[in-house]
């Protein structure tokens, strides 16, 4: 039987404020101490209203705490304006990615003003991830809002509005935390020549005379969007020792359509446009100078959400990414579609694949068009120079399916690596598989248990380990036979074998998280 997507149709109505002790089977490593924070859509209904899309649910923070006595579970809803307003009015008031909210204004002019006000046009619901910026913890989303939370109690402390602070329209919800505490991110704004992608560095602590780390961050560089009325959707970006890597895919935000849809009470997703005949444009921005390399680079078209890792080797930039032929997944996750076709959808959707894109940095002035400029030993990727001087890249397929929300050893981010972990894109089996991909051998080790649907994974290295895969893999799983049950799995990351599991029975539905963060004790 295929993957049952109806398991995503969960609706959490009750948070677990007091830590709940779980039932431990097996042995937890004595060094594994800390908190695993997960973020994702949690509440799907208010009164008689239900969100139309899985990604619309109000953010729910889930926390698994690992200690000497096993593990506990707790959860809290993020107190965003969207959540509190919907709750107060017992209906969906604030519009989300796939759902249009109901205006509280009684006049037509008032309703139009609400629709076009920035804080009404973009919800501050932040169900994508938990990130560290300036030593503090924030829930984040693509919209330009962050919510500071207390990682101990999960309480919402304050909100940061980057639209007011920096004038941006959206952000990448997967920033990069450097070893010195600096955070690099890509912010989407509008400049004199149209839409742009600003690469900024938030410091570990506020600069002298500035109120917060978000006040006037250092600008690393800036890239103009290739289409003036269609900036691309950019969920992740890459980082190597010397470059910031931006992939402009053909999935774009049609600005005109978005405004028109807002006026006509149509959701944001309707303003997204897939330019299927366009290629992926690759930007390499020097981290030191902020300048983009002059070489024009394009790659065969694909849709992506997550870049796995990027690094430099022998004058090449290597980009590993989970790719799909089209963005069908985004549209498949409408609640109505999952309710009607969720049990069979797994056999119809594209399972994606892992691709390696290789960019040669030293491109000769004169070269035959048929010559492959990728000179890495054993690489099957291609780069060919065109008559206009641009490079057209052909990716190397590493695995035949994607392994999503990838996790790697943190010390190998932006560096050469061998292993990564993620959720299998193979939806032909009943249950969710998790895989460990060996990039060098292209072999995959998988964990799978019937009736369990894996959520987000996190690799945690063993203290003092020297091998890249010496550690554990944390994953949480939903259960097909019990909506209120969740299990924290601890796998030996080398062999992908179970070391321990902790089961919890919660007071309400357990929902699937989108991203997670492990915080060592």
Open item on the list: Taking the criterion of being in contact with a strand residue (DSSP E or B) (Cβ under 9 Å, 6 or more places away or on another chain) and more than 19 Å from residue 392 (Cα to Cα), would at least one residue in the range 366-374 satisfy it?
Closed with: no
TODO: Please enumerate the residues belonging to the range 402-416 that are touching a strand residue (DSSP E or B) at 6+ places or on another chain (Cβ under 6 Å) and in a loop (DSSP other than H, G, I, E, B).
DONE: 402, 408, 409, 414, 415, 416
Task: the range 408-422 residues that are touching a residue at least 24 places away in the same chain (Cβ under 8 Å) and at positive phi, paired with ones that are assigned to a loop (DSSP other than H, G, I, E, B) and surrounded by 18 or more Cβ atoms within 10 Å (Cβ to Cβ) (beta carbon under 7 Å, 6 or more apart) - done: 414/240
Task: Elements of type strands (runs of 3 or more DSSP E) contained in the range 278-371, each with 2 or more residues being touching a residue at least 40 places away in the same chain (Cβ under 8 Å) and surrounded by fewer than 18 Cβ atoms within 10 Å (Cβ to Cβ) - done: 303-313
TODO: Considering only residues that are assigned to a loop (DSSP other than H, G, I, E, B) and under 23 Å from the mean Cα position of the chain (by Cα), look in the range 469-508 and name the one that is surrounded by the fewest Cβ atoms within 10 Å (Cβ to Cβ).
DONE: 469
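None of the figures in this text is laboratory data; all of them are computed from the coordinates on show. The shown structure was predicted, so the numbers you read here are calculated from the model rather than taken from an experiment. Virtual Cβ from ideal backbone geometry, glycine too; neighbours counted across all protein chains shown.
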